[in-house]
Amino acid sequence: MDRLIGNAPMKLRWPLRRRTQGSYVRSSDVSVARHGDRVVLMDLAGEQFYSLDQVAGRIWDLLAEPATPAALAERIAEEFDAPVETIRGDVAECLAGLERDGLVRAR
């Protein structure tokens with residue numbers, strides 16, 4: 001996930017703390033738009049833009065309903081034909097970053 005500052009993307013650094021239990025939902029303070037194969041989020045409260053790649057964008061789509069990290073990882077692994085063991089870590093990192101920036105919340 002990239003945070004857009006002006007016209008230049010800035011790579012976010014994910015926190016080390018990752019949750020494996022509970023479910024996540026989207027924040028209601030986020031507006032979304034699609035640009036090609038990317039999903040662009042605008043945090044209405046913090047007035048920041050975020051650009052998600054195809055996999056992070058799919059995670060965002062799946063969070064239209066509450067979902068656990070395990071359920072997200074299984075679905076992403078199936079859809080992208082990737083090993084679920086690898087995807088679990090990627091999903092956890094993505095969720096941690098989205099949560100840290102207030103784009104999703106744990107339930």
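Taking R0 as 30 Å, what's the FRET efficiency between Gln54 and Glu74 from their Cβ-Cβ distance, rounded to 0.05?
The formula returns an efficiency of 0.95 here.
So for the pair Leu62, Glu47, with labels modelled 7 Å out along Cα→Cβ, what separation do we get in nm?
3.5
Can you give me the distance in nm between label points at Arg38 and Gln21, each placed 7 Å from the Cα along the Cα-to-Cβ direction?
3.7
Full extension from Arg107 to Ser31: what is 0.36 nm times the residue separation minus their Cα-Cα distance, to one decimal in nm?
Value of the extension gain: 25.3 nm.
Only the coordinates and a few stated rules stand behind these numbers; no lab work does. Bear in mind that the values here come from a model prediction, so they are computed numbers and not experimental data. FYI the Cβ positions are ideal-geometry reconstructions off the backbone, even for glycines, and counts take in every protein chain you see.
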